[in-house]
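Asker: Take this structure first; my questions come after.
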Amino acid sequence: MIINVRGGSGAGKSTVIRAIMDRYSDRVPHLVVGRKQPLWYDLHERGMPPLRVLGHYETPCGGCDTISSNLADPSEKAMDYIHRLIRQADAGGIDVLYEGVILTTILGQLPQLHAEGRKIVVINLTSDLETCLTGISERRFRRSELNLLTVEQIRASLEEVTIKNNAGKLKSAIKTAKQLESLGIKVYHCDRITAVETIKGILCL
């Protein structure tokens, strides 16, 4: 099973992934030469199917947004690299969970995986703009070394361009999820809590 968690910046994608990762006591990071953080994690727990989570979660911002290229072959584009890794895991019978790719270019990848007969589920987070902006503020707070501002103060100080850009990203994520659904890919529209429970049900956790 291939599960892609989607949503705008700050929607809670990483929060959902971390909640699933916390279900596993054995977390094995996969490291590659030239990359400081893990490329993926293999998760194991007695009585539960193995799971591979792409990207790293060592910092507040994680997921596939941290995979910019194939260090062994710089000519391979990030999206192609990410989905080759997904195919490799799926071919080995390993469930894959990933997020952080909100680009519309995903439309050239997920439909192809679907056409190949691979089992794909999309979890589309329904967080509204204000929730996303608060999520961005919380992330900036966690990343700050000094924490001179509260989350509320950071939210109030967000630049207009940041708000506008993230409103656009949110609309793009919603539009893309609907397009994937129209192509026959199963899409669940969930809030963060429901998303975690839905993924647990899909993976029989």
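Read-outs throughout are calculated quantities, based only on the coordinates presented, and are distinct from any laboratory measurement. Given the structure is predicted, the values throughout are model-derived calculations rather than measurements. All Cβ positions, glycine included, derive from the backbone under ideal geometry; neighbour counts span all protein chains shown.
Asker: Once the other residues with Cβ under 12 Å from the Cβ of Thr176 are scored (Lys, Arg +1; Asp, Glu -1), what is the net sum?
Answerer: Values: positive: Arg6, Lys169, Lys171, Lys175, Lys178; negative: Glu181.
Once positives and negatives cancel, what remains is +4.
Asker: Throw me the Rg/Rh for the chain, computed over C-alpha atoms with Kirkwood Rh, two decimals.
Answerer: Working: Rg = 16.8 Å, Rh = 17.6 Å.
The Rg/Rh ratio comes out at 0.96.
Asker: Taking the Cβ of Leu107 as the center, what net charge do the other residues with Cβ under 13 Å away carry, scoring Lys and Arg +1 and Asp and Glu -1?
Answerer: My count for the surroundings of Leu107 gives +2.
Asker: Dividing the convex hull volume of the alpha carbon atoms of the range 66-165 by its residue count, what do you get in Å³ per residue? Provide the component values of the computation, followed by the final result.
Answerer: Working: hull volume 15.7 nm³, N = 100.
With only Cα atoms used, the range 66-165 gives 157 Å³ per residue.
Asker: So who's got an amide H within less than 5 Å of the one on Glu76, skipping anything under 5 residues away but keeping other chains? H placed 1.01 Å off N, in plane.
Answerer: For Glu76, whose amide H was placed from the backbone, the distant partners under 5 Å are Asn70.
Asker: Length gain on complete extension for the stretch Arg27 to Gln153, per 0.36 nm per residue less the alpha carbon to alpha carbon distance?
Answerer: Net length gain for the segment: 41.8 nm.
Asker: State, to one decimal in nm, how far the label point of Gln88 lies from the label point of Ile163, with both points 7 Å from Cα in the Cβ direction.
Answerer: It is 4.4 nm.
Asker: List the lysines whose alpha-carbon lies under 24 Å from that of Lys171, not counting same-chain residues fewer than 8 positions away?
Answerer: Counting by Cα, and skipping residues close in sequence, Lys171 has these lysines nearby: Lys13, Lys186.
Asker: For the chain, what are the DSSP H helices with axial Cα length of 27 Å or more and mean Kyte-Doolittle hydropathy of at least -1.0? Intermediate values should be presented prior to the final figure.
Answerer: Values: long enough: 160-182 (33 Å, -0.62).
Helices meeting the span and hydropathy rule in the chain are 160-182.
Asker: Can you tell me the relative contact order of the chain? Whole percent, Cα pairs under 8 Å, sequence separation 6 or more.
Answerer: Values: 338 pairs, mean separation 64.3, N = 205.
The normalised contact order for the chain reaches 31 percent.
Asker: So which GluC sites (Glu not before Pro) in the range 105-205 pass both tests, a DSSP loop state and at most 11 other Cβ atoms within 10 Å of the Cβ?
Answerer: Working: sites: Glu116, Glu130, Glu138, Glu145, Glu152, Glu159, Glu160, Glu181, Glu197; in loops: Glu116, Glu145, Glu159.
Counting only loop positions with at most 11 other Cβ atoms within 10 Å, the GluC sites (Glu not before Pro) in the range 105-205 are Glu116, Glu145, Glu159.
Asker: Per 0.36 nm of contour for each residue apart, how much would the distance between Ala78 and His44 grow if the chain were fully extended, relative to their Cα-Cα spacing? Walk me through the numbers on the way to the answer.
Answerer: Details: separation 34, 0.36 × 34 = 12.24 nm, distance 2.68 nm.
Going from the current span to full extension adds 9.6 nm.
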